[in-house]
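Okay, so here's the structure we're looking at.
Each reported figure results from applying straightforward, stated rules to the coordinates on display, with no laboratory input. Being a predicted model, the structure only gives us computed values, none of them experimental. We place every Cβ from the backbone using ideal geometry, glycine too, and count neighbours over all the protein chains shown.
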Amino acid sequence: MPDSPHPVRNSALLKVALKRFASAHIWVYRRTNGRLGSRMLWFPAALITTTGRKSGRPRTTPTLYLRDGDRIVLPASYGGRDHHPAWYLNIRADPRVRVQVRDQVMDLTARDATADERQVYWRKLARIYPPYKGYQDAADRRIPLVVCEPGTTP
């Protein structure tokens, strides 16, 4: 058994399965302009495109989101795993992102939520997707909440 305290969540097989699911999800979302794929099960899903911090190439990931006016809030939960998702690390290197919500594509700037924003948004996200309540307790890291908003890159 692996040394990880979360062997299933951190397994290589799960990583491969999730990567294949994500690729299919992105394909369907884009081909239908968000008519299909804008929900993961019954939860709201967006596509986020970042610039790869190593490759410099666009990298797209489907993720759950919360809309707050012209802001899109993304939890970098990675299913409660013990490390940040690649898209979050990419944002730390280059905060310019493209977010697609259904047929709307927005060029935004990403940043970590403030402490006050985090309290408000985490509660709202946990109402949308109840497993988030346990993700923070299960992870050996603080799960970032990313606020994507119109504006110029700092």
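Worth a mention:
- Among Met40, Pro75, Ile26 the positive-end extreme of the charge dipole of region 20-82 (Cβ point charges): Ile26
- Cα gyration tensor category, rounded, prolate or oblate, for region 33-120 with a/c compared to 1.5: rounded
- Electrostatic bookkeeping for Arg111 treats Lys and Arg as +1 and Asp and Glu as -1; over the other residues with beta carbon under 11 Å from its beta carbon, the sum is -1.
- In a reduced charge model with +1 at each Lys and Arg Cβ and -1 at each Asp and Glu Cβ, the chain shows a dipole moment near 500 debye about its Cα centre.
- Shape category assigned to the chain from the gyration tensor of Cα positions, a/c cut at 1.5: rounded
- About its Cα centre, the dipole of region 69-127 is roughly 180 debye, where the only charges are +1 on Lys and Arg Cβ and -1 on Asp and Glu Cβ.
- Cα convex hull of region 71-154 - mean projected area over all directions, nm²: 5.7
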